[in-house]
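Asks: Sharing a structure here in structure tokens format.
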Amino acid sequence: MYAYLGRVNEARIMLDSIGKLDVICCNAMIDGYMKFGDVGSARKLFDNMPDKNISSWNTMVSGFSNNEMIEEAKKYFDQMPKRDDVSWSAIIDGYNKGGHFKEALEVFHQMQGEEIKLNKFVLSSALNSCANVGALDQGKWIHAYIKRNRIVLDEVLGTSLVDMYAKCGRLDLSWDVFERMKHKEVFSWNAMIGGLAMHGRAEDAIELFLDMQRHEYKPNDITFVALLNACAHAGLVDKGLKYFLLIKETYNIEPTMEHYGCVVNLLGKAGYINEAEDVINSMPMKPNSVVWGALLGACRIHGNIELGEKVGEILLELEPENSIRYTLLSNIYAKAAKWDRVEKLRKLMKERGVKTMTDRSMIDLKGTVHEFKVGDSSHPQTEEIYRTLEMIIQKIKLKGHEADTSEVLFDISEEEKETSLKYHSEKIAIAFGILNTEPGTTIRVVKNLRVCEDCHSATKFISQVYKRDIIVRDRVRYHHFRNGKCSCKDFW
DNA sequence: CGTGGACACT
């Protein structure tokens with residue numbers, strides 16, 4: 001109890017006063033150390049324990065997981081003399097927390113080979129992994145498993161399903177689950193509102209927000225993040241501002257940094273850059289890098305070099321190790337053909353040892369997630385994929401697609417620019433999808449960064465030429481391409 | 001008397 005409340009020292013004195021190292025007390029103590037990030041003491045105590053039970057090991061595994069030490073968690077997990085359901089869900093959760101969703105799913109798959117029942121904890125963790133890699137088939141399998149085994153859909157598990165379907169591009173199924181959930185919580189409504197927001201369905205998100213209150217659920221701070229996001233994605237500036245003001249006035253919630261970030265994004269993206277800057281200057285807390293990042297993103301979209309440069313410098317100071325900032329600023333320079341500045345940035349990155357975040361796309365094919373990097377050549381089907389991609393590009397060019405090279409980061413010839421765009425990861429993933437799926441079926445791609453102008457245009461053409469629905473989820477929202485048009489209405 | 005799950009701003 002002491003350890004849990006953060007009085008780690010008092011807890012340790014009590015533990016020592018007991019005389020011998022009791023298993024249950026030690027486990028509690030280890031958990032306490034872990035919760036406060038004192039991994040060293042946790043490890044020492046664990047090593048000194050005369051008898052360890054399965055919970056001692058589990059506490060270590062989840063402790064490492066929560067302290068983002070996934071390698072250590074895996075090491076302990078592998079060394080366990082015996083594993084139970086808690087051990088498995090602790091390690092899967094560790095992978096999820098570190099953003100290694102694909103690995104989490106692999107472990108989940110491995111778990112199914114063991115004779116351990118899948119309980120609601122591990123199922124919701126696995127659904128979370130599915131949501132993040134866009135593994136719709138596996139998510140559906142889990143849903144079927146839940147039904148088959150008559151596992152009760154509690155608030156959390158139900159919400160995981162709602163979220164998974166929404167993030168895998170199936171708002172219809174997401175809605176089905178949401179409607180059928182007997183026990184809803186605020187966060188269930190938040191997940192559904194957030195799902196609508198991602199898909200650009202701002203009006204529906206607002207309607208659901210009103211509906212939750214008719215059902216006497218009280219919106220919380222996260223509800224407003226989802227709602228403001230919905231308005232931002234759809235460019236509903238007035239409505240967004242209205243709700244922002246209501247947060248405090250009507251709902252008596254103190255707006256958080258996140259809310260300010262949403263408003264800066266809302267205004268900036270819609271072109272109200274000065275207003276967005278005013279918000280930053282007048283907010284009651286010191287803006288963090290996310291808020292500045294929203295403004296920098298707006299500068300990129302609207303080609304505002306002067307402000308972009310100023311904001312970029314602030315960000316490079318705040319987060320010298322974050323490659324996305326450099327890329328964004330570099331994009332602004334590249335668009336304005338200021339190649340000397342681009343070059344200077346590249347040098348700076350090299351000096352500081354900043355590694356660029358590689359663009360990655362994932363596509364789920366019959367339950368296996370395939371992942372591609374820019375210019376990837378590691379896939380067994382590489383040759384066929386590239387042959388398909390070349391053919392696709394030829395075809396869409398005939399239909400009128402022109403390579404948009406304005407965002408290429410280097411001062412190279414137009415021809416080279418086109419080449420470097422051609423191998424963006426989502427293009428490879430889409431080519432892979434066209435190659436391996438039946439004509440007419442929907443292609444779903446999930447990527448880690450935002451889509452670039454060129455890929456966006458190319459995908460619109462592909463959807464038309466190949467008569468395919470293509471759903472691309474980028475870092476923040478969905479693009480549903482159909483018959484040459486995108487659901488984002490080219491506003492993203 | 002100990003361990004595991006959800007929604008969230010670039």
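Asks: Could you check A:Ile363 against (1) open to solvent by less than 40 Å² (accessible area, probe 1.4 Å); (2) at pLDDT 85 or above; (3) within 16 Å of DNA strand B (Cβ to nearest atom); (4) closer than 25 Å to A:Ser425 by Cα and say which number it fails?
Replies: Exception for A:Ile363: condition (3).
Asks: Within segment A:443-461, track down each residue that is in contact (Cβ under 8 Å) with a residue 60 or more places away in the chain, over 13 Å from A:Arg477 (Cβ atoms) and either basic (Lys, Arg) or open to solvent by 10 Å² or more (accessible area, probe 1.4 Å) (or both).
Replies: If the condition is that a residue be in contact (Cβ under 8 Å) with a residue 60 or more places away in the chain, over 13 Å from A:Arg477 (Cβ atoms) and either basic (Lys, Arg) or open to solvent by 10 Å² or more (accessible area, probe 1.4 Å) (or both), then A:Arg444, A:Asn448, A:Phe461 are the ones that fit.
Asks: Being open to solvent by less than 10 Å² (accessible area, probe 1.4 Å), under 17 Å from A:Leu196 (Cβ atoms) and without any contact (Cβ under 8 Å) to a residue 60 or more places away in the chain is the requirement here; does A:Gly240 meet it?
Replies: yes
Asks: Yes or no: A:Arg148 surrounded by fewer than 16 Cβ atoms within 10 Å (Cβ to Cβ), among the basic types (Lys, Arg) and away from DNA strand B (no atom under 13 Å from the Cβ)?
Replies: yes
Asks: Is it true that A:Val290 is open to solvent by 40 Å² or more (accessible area, probe 1.4 Å), on the phi < 0 side of the Ramachandran plot, hydrophobic (A, V, I, L, M, F, W, C) and within 11 Å of DNA strand B (Cβ to nearest atom)?
Replies: Considered against the rule, which asks whether it is open to solvent by 40 Å² or more (accessible area, probe 1.4 Å), on the phi < 0 side of the Ramachandran plot, hydrophobic (A, V, I, L, M, F, W, C) and within 11 Å of DNA strand B (Cβ to nearest atom), A:Val290 comes out as yes.
Asks: Right, next: Considering only segment A:58-86, state which residues are assigned to a helix (DSSP H, G or I) and open to solvent by 50 Å² or more (accessible area, probe 1.4 Å).
Replies: Within segment A:58-86, A:Asn66, A:Glu71, A:Lys74, A:Lys75, A:Asp78, A:Gln79, A:Val86 meet the criteria.
Asks: In addition: Does A:Ile314 fit the bill of being within 14 Å of DNA strand B (Cβ to nearest atom), open to solvent by 60 Å² or more (accessible area, probe 1.4 Å) and more than 18 Å from A:Thr256 (Cβ to Cβ)?
Replies: No: the conditions fail for A:Ile314.
Asks: Among the residues of segment A:117-173, what is the count of those that are acidic (Asp, Glu) and over 20 Å from the mean Cα position of the chain (by Cα)?
Replies: 3
Asks: Among residues belonging to segment A:316-359 that are among the β-branched types (Val, Ile, Thr) and under 18 Å from A:Gly293 (Cβ atoms), point out the one that is modelled with the lowest pLDDT.
Replies: Here the answer is A:Thr356.
Asks: May I ask you to list the residues in segment A:284-340 that are basic (Lys, Arg) and without any contact (Cβ under 8 Å) to a residue 24 or more places away in the chain?
Replies: Result: A:Lys286, A:Lys310.
Asks: If we keep just the residues of segment A:473-492 that are more than 16 Å from DNA strand B (Cβ to nearest atom) and either in contact with a strand residue (DSSP E or B) (Cβ under 9 Å, 6 or more places away or on another chain) or not basic (Lys, Arg) (or both), which is most open to solvent (accessible area, probe 1.4 Å)?
Replies: Among residues in segment A:473-492 that are more than 16 Å from DNA strand B (Cβ to nearest atom) and either in contact with a strand residue (DSSP E or B) (Cβ under 9 Å, 6 or more places away or on another chain) or not basic (Lys, Arg) (or both), the one most open to solvent (accessible area, probe 1.4 Å) is A:Arg482.
Okay, residues lined up against (1) under 16 Å from A:Val225 (Cα atoms); (2) more than 12 Å from DNA strand B (Cβ to nearest atom); (3) charged (D, E, K, R):
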site	(1), (2), (3)
A:Ile247	yes, yes, no
A:Glu258	yes, no, yes
A:Ala270	no, yes, no
A:Asn274	no, yes, no
A:Asn281	no, yes, no
A:Met285	no, no, no
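Asks: Here is a check on your reading of the model: is A:Ala197 within 18 Å of the chain's Cα centre (by Cα), of a type in the set (A, V, I, L, M) and over 19 Å from A:Ser174 (Cα atoms)?
Replies: Spelling it out, it is not the case that A:Ala197 is within 18 Å of the chain's Cα centre (by Cα), of a type in the set (A, V, I, L, M) and over 19 Å from A:Ser174 (Cα atoms).
Asks: Can you work out which of the residues in segment A:90-136 that are polar (S, T, N, Q) and either open to solvent by less than 10 Å² (accessible area, probe 1.4 Å) or free of Cβ contacts under 8 Å to residues at least 12 places away in the same chain (or both) is nearest to DNA strand B (Cβ to nearest atom)?
Replies: A:Ser129
Asks: Quick one: how many residues across segment A:210-233 are part of a helix (DSSP H, G or I) and surrounded by fewer than 22 Cβ atoms within 10 Å (Cβ to Cβ)?
Replies: Total satisfying the criteria: 8.
Asks: Further question: Could we say that A:Ala197 is touching a residue at least 24 places away in the same chain (Cβ under 8 Å), within 12 Å of DNA strand B (Cβ to nearest atom), closer than 21 Å to A:Leu236 by Cα and open to solvent by 10 Å² or more (accessible area, probe 1.4 Å) here?
Replies: Answer is no for this residue.
Asks: So for segment A:317-331 (the condition being out of contact with any Gly (no Cβ under 6 Å at 6 or more places or on another chain), of a type in the set (A, V, I, L, M) and surrounded by fewer than 16 Cβ atoms within 10 Å (Cβ to Cβ)), does at least one residue qualify?
Replies: Taking every residue of segment A:317-331 in turn, at least one turns out to be out of contact with any Gly (no Cβ under 6 Å at 6 or more places or on another chain), of a type in the set (A, V, I, L, M) and surrounded by fewer than 16 Cβ atoms within 10 Å (Cβ to Cβ).
Asks: Out of all the residues in segment A:48-74, which are under 13 Å from A:Ile30 (Cβ atoms) and more than 10 Å from DNA strand B (Cβ to nearest atom)?
Replies: Selection gives A:Asn48, A:Met49, A:Phe64, A:Asn67.
The values are calculated or read from the model by the stated rules, or taken from the named source; none is laboratory data. Just so we're clear, the structure is a prediction, and the values are computed from it rather than from any experiment. Using ideal geometry, Cβ is built from the backbone for each residue, glycine included, and neighbour counts are taken over all protein chains shown. The accessibility values were calculated without ligands, DNA or RNA, using every heavy atom of the protein model including side chains. Shrake-Rupley method; radii C 1.70, N 1.55, O 1.52, S 1.80 Å.
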